[in-house]
1. Could you work out the helix-only [θ] at 222 nm for the chain, with each DSSP H run of four or more residues adding -39,500 (n - 2.57) and the total divided by the number of residues, to the nearest 500 deg cm²/dmol?
2. In which sequence would 306, 123 go, from the one with the fewest C-beta neighbours within 10 Å to the one with the most?
3. For a quick size check, give me the Cα extents of the chain along its three principal axes, largest first, whole Å.
4. Over its Cα atoms, what ratio of radius of gyration to 2.2 N^0.38 Å does region 241-332 give?
5. What share of all Cα pairs of region 2-185, in percent, falls into each consecutive 10 Å distance bin?
6. Separation of region 289-304 and region 1-71 by C-alpha centroid, Å?
7. Rounded to the nearest 10 degrees, what's the angle between the helix 26-50 long axis and the longest principal axis of the chain, both from Cα atoms, 0 to 90?
8. Starting from the eigenvalues of the Cα gyration tensor, five times each then square-rooted, give me the equivalent ellipsoid semi-axes of region 17-94, largest first, whole Å.
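A short reminder: the numbers here are calculations on the coordinates, not readings from a lab. Worth saying up front: this structure is predicted, and the values here are computed from it rather than measured. For neighbour counting, all protein chains shown are included, and Cβ atoms are generated from backbone atoms with ideal geometry for every residue, glycine included.
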């Protein structure tokens, strides 16, 4: 297997410029390998989330991305200690992820080939190449992919980073792009301090009621009874209408859901329907909830009773009693 991985690997060569006998410093080797690995892992995440099928699975189980990253960890499949030369490739020859079925193996191969050929072998100072990068990736995505990659190149004073072919011949020496282009590859991303000072708060008000929905204005608010600034957007989620894939579900009551933020992800839970979903943003996790509710409707309510277990029939009845009306927007059009 290793010999097959050598054939597809990209081979990096650290060429020290200031050490005795051009021996690579340990910290330089660690830095270069760590930065390239970070760039590659970020590239996997970007491409993974661009795949609609994978993203739907991710919205119901965020750990699948970590599982795939672990399967695709870069391996050193060939090593030459003279200065430092290593061939890097993940195991793209086998599939360990039954959740993705057969499509994951093709995706693994295509994604690694694309990273090797388009990212590692990119002509960073070429305007046409830069234009293609901008077309493919957003500011945030470019920053995640290219910032660690350019960091691995260094400033060119301590060492050069060469790319070699399978015969150990230098194909190219890669350098930082010129400043104007670098700023496009690695655009400045606003820090939290630079983002406009808006916050989410949990507030109870004594307010003058005018109609069914009161207007929250300075004139109408008599008193602030309670105020708590939220670190994250964990305000209540209690939908009484769910819209997904052209289906609108009008409910008999509001669904009481628990909203949490943990380990950089939003989580919404509903114990009545046994729904637990994750998302990187509040918008993503709410969309994941709508998808899960729609899936329950398709898999239980529309399924024949004889095909369901007693537990599934019980859940089907809960969902049926919960739905007041269903509107098919596609038919309306």
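1. Values: 11 runs with 126 residues, N = 333.
Result for the chain: -11500 deg cm²/dmol, rounded to the nearest 500.
2. On the way: 306 6, 123 12.
Fewest to most other Cβ atoms nearby, the residues stand as 306, 123.
3. Each principal axis gives a Cα extent; for the chain these are 81, 59, 38 Å.
4. On the way: Rg = 13.9 Å, N = 92, 2.2 N^0.38 = 12.3 Å.
The reported ratio for this selection is 1.14.
5. Spelled out per bin, shortest first, that is 9, 36, 35, 18, 3, 0.
6. Taking the Cα centre of each part, region 289-304 and region 1-71 sit 38 Å apart.
7. 40
8. Details: eigenvalues 228, 32, 14 Å².
The three semi-axes for region 17-94 are 34, 13, 8 Å.
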